[in-house]
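The values are calculated or read from the model by the stated rules, or taken from the named source; none is laboratory data. Only a predicted model underlies this, so the values are computations on that prediction, with no experimental measurement involved. Glycine also receives a Cβ, built like all others from the backbone with ideal geometry; neighbour counts cover every protein chain displayed.
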Amino acid sequence: MRSHYCGALGTGNIDDTVTLCGWVDRRRDHGGVIFLDLRDREGIVQVVFDPDTEEHFQRADRVRSEYVLKVTGRVRARSDATVNPNMATGAIEVLGKELEILNSAATPPFQLDEHTAVGEDVRLKHRYMDLRRPEMQAKLMLRARITSAVRQFLDSEGFLDIETPILTRATPEGARDYLVPSRTHPGHFFALPQSPQLFKQLLMVSGFDRYYQVAKCFRDEDLRADRQPEFTQIDIETSFLDEDAIMGITERMIRELFQSVLDVELGDFPHMTYAEAMDRFGSDKPDLRIALELVSVDDLMQQVDFKVFRGPADDPDGRVAALKVPGGASISRKEIDDYTRYVSIYGARGLAWIKVNDLAAGVEGLQSPILKFMPEDVVQQMMARLEAKDGDIIFFGADKTGVVNESLGALRLKVAEDQGLVAAGWAPLWVVDFPMFEDDGNGGWTPLHHPFTAPSCSPEELKANPGTALSRAYDMVLNGTELGGGSVRIHQRDMQETVFQILGIDEAEAEEKFGFLLNALKYGAPPHGGLAFGLDRLVMLMTGATSIREVIAFPKTQTAACVMTDAPGEVAAQQLRELNIRLRQKQQEQPAQGE
């Protein structure tokens with residue numbers, strides 16, 4: 001139907017006769033000459049109709065915004081006075097000869113060139129209109145380029161694209177499952193996969209030593225800007241490679257992806273242990289574009305009588321840390337109060353601070369309500385350790401280590417953004433040597449990644465010291481966002497059974513839930529490992545979007561709903577009966593007497 005895309009035309013097409021199809025972006029009538037800006041996914045071109053083609057001129061006079069047209073005409077150069085440098089096709093225009101109205105259009109629910117004034121709920125309700133905007137089309141087209149480049153790289157490295165099941169059984173992977181009732185097995189349920197984890201491990205046992213999949217995954221969890229109930233992973237697994245080799249391949253993939261798609265050279269990725277990341281940045285996905293760091297001052301606070309600091313400093317599970325913000329003495333008291341409320345979200349019970357006005361004047365040159373609780377020599381040692389300078393502000397966290405790390409880690413990011421301390425560019429790294437387990441709060445253990453991650457020790461050592469054991473896991477981080485995480489997997493049955501025992505999964509439960517995996521590990525499972533990248537997050541970063549909803553064609557809201565299709569919705573009673581499901585209705589409250 002078309003010979004060219006609108007946005008693909010240029011000076012090389014001058015004098016060509018072309019046929020275009022697209023939507024009317026704008027219509028203008030200038031003294032008997034009608035100008036139509038015709039838009040398709042590749043861009044916009046100006047089409048001119050004059051009265052010489054009377055029939056088609058009259059049609060052009062009837063069209064309005066978002067009408068769907070087929071136009072045939074001749075490409076010609078614009079005069080110097082009418083060249084539009086702001087359009088990719090601004091040096092040319094099409095002199096229209098024929099026009100066919102393929103479809104009319106009602107008045108759009110919002111102007112496509114004024115989307116910033118439209119709420120996200122309206123955009124999602126009319127997503128098919130929102131996706132016509134060049135900004136949105138550019139993001140989804142870049143997403144397509146990214147997945148194409150990833151497939152080409154993995155294909156060239158000998159990886160096989162293999163699909164795994166969507167209907168599976170529930171597995172403990174840290175979030176709630178979406179359940180699917182079975183009509184043919186009354187009272188039983190499938191689960192939608194949180195990841196293809198177990199199936200890709202079974203593919204390694206099967207001898208497909210290099211697997212990948214652009215996989216849909218599902219998690220019924222609370223949502224944020226970078227979370228969706230259904231999301232896409234670039235899922236990778238390989239056999240006979242250790243963690244360094246796996247990280248090497250996937251790092252090279254991301255470097256080549258940025259080079260080919262964005263013309264950005266990321267270079268090599270530094271490695272940082274989990275312990276170092278938490279100690280210096282309070283996060284296992286630190287943004288290295290920000291120079292601010294947490295500094296422990298526990299030893300100094302053990303010398304003060306200030307209980308707020310002394311208690312955590314003496315507590316083996318506590319921490320007192322400082323965060324110096326260069327030039328931050330100009331932060332107002334109101335802003336400090338706002339930051340205090342902000343860290344309370346992460347469990348902090350307050351936010352102590354010291355402003356450095358004149359370091360040479362000693363304690364007299366400092367400003368803080370907590371200075372009266374600290375000996376002068378301790379204050380001087382602290383200023384020296386922090387390398388404080390005039391004009392700085394120092395924030396303090398004192399509590400359980402987890403609370404301090406999370407609250408000061410979050411404050412580090414917020415202060416840096418507010419004060420313009422985030423450097424431009426890209427800062428990638430690998431975070432390695434994660435703990436194998438973390439305390440579940442009830443005297444037991446939960447896996448920091450998942451229960452199929454291999455530890456860096458023997459089963460006997462793992463049993464003896466589960467709290468100090470490290471795993472062979474690794475996360476790729478870019479600009480404070482976890483792009484992907486992976487690990488070397490457990491490939492021996494005795495080790496897998498040991499991990500299950502530590503997690504409180506007894507033999508019967510292990511056999512019931514994971515018997516197929518345990519059996520597979522008996523039959524010559526090779527050493528293997530892998531990594532899964534969050535495609536939505538990756539595209540979000542590469543496009544500069546602030547939410548993954550901006551890079552997904554039809555996303556859900558933060559309440560896991562689709563306002564366009566009104567999903568989730570009710571189903572007919574007959575369908576529920578076929579599935580052997582009865583809904584439990586909430587009993588309506590009885591009205592009080594006299595109402």
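Worth a mention:
- Some residue of the range 241-248 being crowded, with 18+ Cβ neighbours inside 10 Å, more than 30 Å from Val551 (Cα to Cα) and out of contact with any Phe, Trp or Tyr (no Cβ under 9 Å at 6 or more places or on another chain): yes
- Qualifying residues in the range 550-561 (those that are surrounded by fewer than 17 Cβ atoms within 10 Å (Cβ to Cβ) and either in contact with a Gly (Cβ under 6 Å, 6 or more places away or on another chain) or at pLDDT 95 or above (or both)) - the one farthest from Lys139 (Cα to Cα): Phe554
- The single condition from (1) touching a residue at least 40 places away in the same chain (Cβ under 8 Å); (2) in a strand (DSSP E or B) that Ile34 fails is (1).
- Spans of helices (runs of 4 or more DSSP H) in the range 104-187 with at least 3 residues over 22 Å from Gly544 (Cα atoms) and of a type outside the set (Gly, Ala, Ser): 134-156
- Of all residue pairs spaced 6 or more apart or on separate chains, those with beta-carbon atoms under 9 Å, a first member in the range 427-452 that is among the polar types (S, T, N, Q) and a second member that is part of a strand (DSSP E or B) are Thr446/Phe437; Thr446/Glu438; Thr446/Asp439.
- Residues in the range 188-215 that are in a loop (DSSP other than H, G, I, E, B) and of a type in the set (S, T, N, Q) were compared, and the one that is modelled with the highest pLDDT is Ser206.
- Condition met for Asn580 (more than 30 Å from Val214 (Cβ to Cβ) and not assigned by TED's automatic domain parsing to the domain that holds Gln233): yes
- Of all residues in the range 455-481 being in a loop (DSSP other than H, G, I, E, B) and of a type in the set (Gly, Ala, Ser), the one that is nearest to Ala423 (Cα to Cα): Gly480
- Apart from one condition, Thr19 fits all of (1) surrounded by 14 or more Cβ atoms within 10 Å (Cβ to Cβ); (2) in contact with an Asp or Glu (Cβ under 8 Å, 6 or more places away or on another chain); (3) assigned to a strand (DSSP E or B); the exception is (2).
- Counting the residues of the range 453-482 that are within 30 Å of Leu411 (Cβ to Cβ), crowded, with 22+ Cβ neighbours inside 10 Å and hydrophobic (A, V, I, L, M, F, W, C) gives 4.
- Close pairs (7 angstrom Cβ cut-off, 6 or more residues apart or separate chains): over 30 Å from Gly486 (Cβ atoms) and exposed (fewer than 15 other Cβ atoms within 10 Å of the Cβ) in the range 170-187, modelled with pLDDT of 75 or more and of a type outside the set (S, T, N, Q) anywhere: Ser182/His188; Ser182/Phe189; Ser182/Phe190; Arg183/Glu578; Arg183/Leu579
- Top-ranked residue in the range 140-161 [being on the phi < 0 side of the Ramachandran plot and among the small types (Gly, Ala, Ser); ranked as surrounded by the most Cβ atoms within 10 Å (Cβ to Cβ)]: Ala149
- Taking the numbered list (1) over 24 Å from the mean Cα position of the chain (by Cα); (2) closer than 24 Å to Ile246 by Cα; (3) among the basic types (Lys, Arg) in turn, Lys463 passes all entries but (2).
- Where a residue in the range 139-165 is over 17 Å from Ile552 (Cβ atoms) and its partner, wherever it lies, is assigned to a helix (DSSP H, G or I) and of a type in the set (Val, Ile, Thr), with Cβ under 8 Å and at least six apart: Ala149/Val261; Glu157/Ile249
- Close contacts from the range 505-519, counting a first residue that is closer than 17 Å to Gly444 by Cβ and a second that is modelled with pLDDT of 95 or more, with Cβ to Cβ under 7 Å and a gap of 6+ residues or different chains, come to Ala510/Glu497; Ala510/Phe500; Ala510/Leu518.
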